[in-house]
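These notes concern the structure reproduced below.
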């Protein structure tokens, strides 16, 4: 079937029709699908434009801001992603075309990569990451062929945009350099890192000025004290699914069989293998989301196309299987656009729907007051998006993680005001509302005088501790007040008194809570100042490896996550 090569004109028609169809499909998907929880969170980014954020660099905020300014709905939020996806596909074809790749194989394989379908319309940091990764390969391929100052300068700009998209871009740069150290001998090469650093300097300064929140989060907060073999075991099938439900295994097999004939192919091999191995090893450290390897599928696809061209006769069965794989994914997406009930109500899909009605229902109760939710950043962000407000506040609970809500001024604005407290579990006491929605039962009540200390940062004198069961361990803590006002932890005359707690976890399960002495309530910290406090904590009685977190709690809230994880071993 593929013994003959398509003419340039025929290939051009294939790609043109594909890009047009791909764009229309993504536009329809973007317009008809409610926003994902992460998209709502990044929409919040776009309301507070800055050079950096707690979790990610700022490119996703710019993507959303540009589209949302033109079309203030789901389509607008995703508009730049749809455009960038089509541009990424075309650039990928231009790269593959240099190896005489077959346009038919390119279309069905690209459509069959599940990860590319997800980020054809979903706006997260992965969307700009994919675009600038492909653009990097496109420019780098030319730079390898022609050592020139203009291409070096362009690479510096592209790399800066890549790093402004997501920190995973560092891996692409590392494996690319590792694959071809000879490039260091080029005089033009050295302008690339210099220009990149200069362009990236605003984000670096943002990290410095905010105490390196992204570094602390990605290197420390995401670590797990206990290794779970299930994470490593699930990684491989998850990656096969992302590569394509039916042909994932085939892509990995074909890419491993390619003949390395030049520096660019070697670059692709290093990046494909490096990405997937790196994140596989990371399963020992913590949970690895399947989509984190997104940019690994770019070199993977290119390697498969190159291998197919190196093969004299491609098996017809492989093409048919790839066609069926792509058809299943596209059919599923069309059914989702059409709103087919059984597809719309699938557990993994249902999260996209009904939040507009839910937000309107909650707003009827809360009015124009703040709504505080100790449920992660997702519900508060969706409430803000669908009410087009900034009245939803995510209370970062001690057993969750820190988020960008720690840095935004929303918490400062709701202090000592009346706010609506909203949760998904029954509340006790008078004045509790039960709110029945399509997203289930929610419970709320009014808090008349809000007092929270989510932004207080508790620094420990040590982050690795070994103790005997029941042993008393003393920590020298430093509490940092970032607020523009003095913090007084005194709670004798206040209904929502303040408590400092040490929270032990073993794996995902809460183990033990230790409460500080009442002397803690004597602390008064002036604005932008620090205070020292010595806390003695009794170690758990059961041997094991624990995560220890220090938390400040005020009634009726469960307590915030005010410190980094302390690795606490009882032996």
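Checking 432, 371, 397 one by one, the residue that is over 23 Å from the mean Cα position of the chain (by Cα) and buried (at least 18 other Cβ atoms within 10 Å of the Cβ) is 371 and no other. Among the residues of segment 335-349, the ones that are touching a residue at least 40 places away in the same chain (Cβ under 8 Å) and either in a helix (DSSP H, G or I) or surrounded by 15 or more Cβ atoms within 10 Å (Cβ to Cβ) (or both) come to 2 in all.
Conditions tested, residue by residue: (1) in a helix (DSSP H, G or I); (2) closer than 24 Å to residue 138 by Cβ; (3) in contact with a strand residue (DSSP E or B) (Cβ under 7 Å, 6 or more places away or on another chain).
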{"position": "14", "(1), (2), (3)": "yes, yes, no"}
{"position": "23", "(1), (2), (3)": "yes, yes, no"}
{"position": "28", "(1), (2), (3)": "yes, no, no"}
{"position": "34", "(1), (2), (3)": "no, no, no"}
{"position": "54", "(1), (2), (3)": "no, no, no"}
{"position": "57", "(1), (2), (3)": "no, yes, no"}
{"position": "61", "(1), (2), (3)": "yes, no, no"}
{"position": "81", "(1), (2), (3)": "yes, yes, no"}
{"position": "86", "(1), (2), (3)": "yes, yes, no"}
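Reported count of residues in segment 361-375, each being free of Cβ contacts under 8 Å to residues at least 60 places away in the same chain and assigned to a loop (DSSP other than H, G, I, E, B), is 4.
Taken over segment 542-563, the criterion of being touching a strand residue (DSSP E or B) at 6+ places or on another chain (Cβ under 8 Å), surrounded by fewer than 22 Cβ atoms within 10 Å (Cβ to Cβ) and outside any strand (DSSP E or B) is satisfied by 542, 543, 556, 557, 558.
Against the condition out of contact with any helix residue (DSSP H, G or I) (no Cβ under 8 Å at 6 or more places or on another chain), part of a loop (DSSP other than H, G, I, E, B) and free of Cβ contacts under 8 Å to residues at least 12 places away in the same chain, how does residue 428 come out, does it pass? Here the answer is yes, as residue 428 does meet what is asked.
With respect to residue 320, is the statement that it is surrounded by fewer than 21 Cβ atoms within 10 Å (Cβ to Cβ), under 30 Å from residue 6 (Cα atoms) and free of Cβ contacts under 8 Å to residues at least 40 places away in the same chain true? So residue 320 fits the description; yes. For segment 376-403, filtering for residues that are part of a loop (DSSP other than H, G, I, E, B) and farther than 15 Å from residue 561 by Cβ leaves 4. Cβ separations smaller than 7 Å between residues 6+ apart or across chains give the following pairs from segment 134-156 residues that are in the same structural domain as residue 190 (by TED's automatic domain parsing) to residues that are surrounded by fewer than 19 Cβ atoms within 10 Å (Cβ to Cβ) and not in a helix (DSSP H, G or I): 141/98; 147/186.
Of all residues in segment 511-537, those satisfying the criterion of being closer than 14 Å to residue 475 by Cα and either surrounded by 17 or more Cβ atoms within 10 Å (Cβ to Cβ) or at pLDDT below 95 (or both) are 514, 515, 516, 517, 520, 533, 535, 537.
For (1) modelled with pLDDT of 95 or more; (2) in contact with a helix residue (DSSP H, G or I) (Cβ under 7 Å, 6 or more places away or on another chain); (3) surrounded by fewer than 16 Cβ atoms within 10 Å (Cβ to Cβ), each residue gets a yes or a no:
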site: 158; (1), (2), (3): yes, yes, no
site: 166; (1), (2), (3): yes, yes, no
site: 179; (1), (2), (3): yes, yes, no
site: 190; (1), (2), (3): yes, no, yes
site: 196; (1), (2), (3): yes, yes, no
site: 204; (1), (2), (3): yes, no, yes
site: 214; (1), (2), (3): no, yes, no
site: 217; (1), (2), (3): no, no, no
site: 222; (1), (2), (3): no, no, yes
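Exactly one residue out of 497, 484 is at pLDDT below 95 and more than 17 Å from residue 516 (Cβ to Cβ): that is 484. Only a single item in (1) surrounded by fewer than 16 Cβ atoms within 10 Å (Cβ to Cβ); (2) at pLDDT 95 or above; (3) not in a helix (DSSP H, G or I) is not met by residue 4, and it is number (2). Restricting attention to segment 37-83, the residues being within 22 Å of residue 23 (Cα to Cα) and at pLDDT below 95 number 0. For residue 200, state whether it is part of a helix (DSSP H, G or I), crowded, with 16+ Cβ neighbours inside 10 Å and touching a helix residue (DSSP H, G or I) at 6+ places or on another chain (Cβ under 9 Å). So residue 200 fits the description; yes.
Per-residue answers, yes or no, for (1) in a helix (DSSP H, G or I); (2) surrounded by fewer than 24 Cβ atoms within 10 Å (Cβ to Cβ); (3) in the same structural domain as residue 177 (by TED's automatic domain parsing):
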position	(1), (2), (3)
69	yes, yes, yes
91	yes, yes, yes
94	yes, yes, yes
104	yes, yes, yes
107	yes, yes, yes
123	no, no, yes
128	yes, no, yes
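Regarding residue 310, is this residue assigned by TED's automatic domain parsing to the domain that holds residue 167 and more than 16 Å from residue 102 (Cα to Cα)? No; evaluated as a whole, the condition is false for this residue.
The values are calculated or read from the model by the stated rules, or taken from the named source; none is laboratory data. The structure displayed is predicted, hence computed values, not measured ones. So basically every Cβ, Gly included, is an ideal-geometry build from the backbone, and we count neighbours across all protein chains shown.
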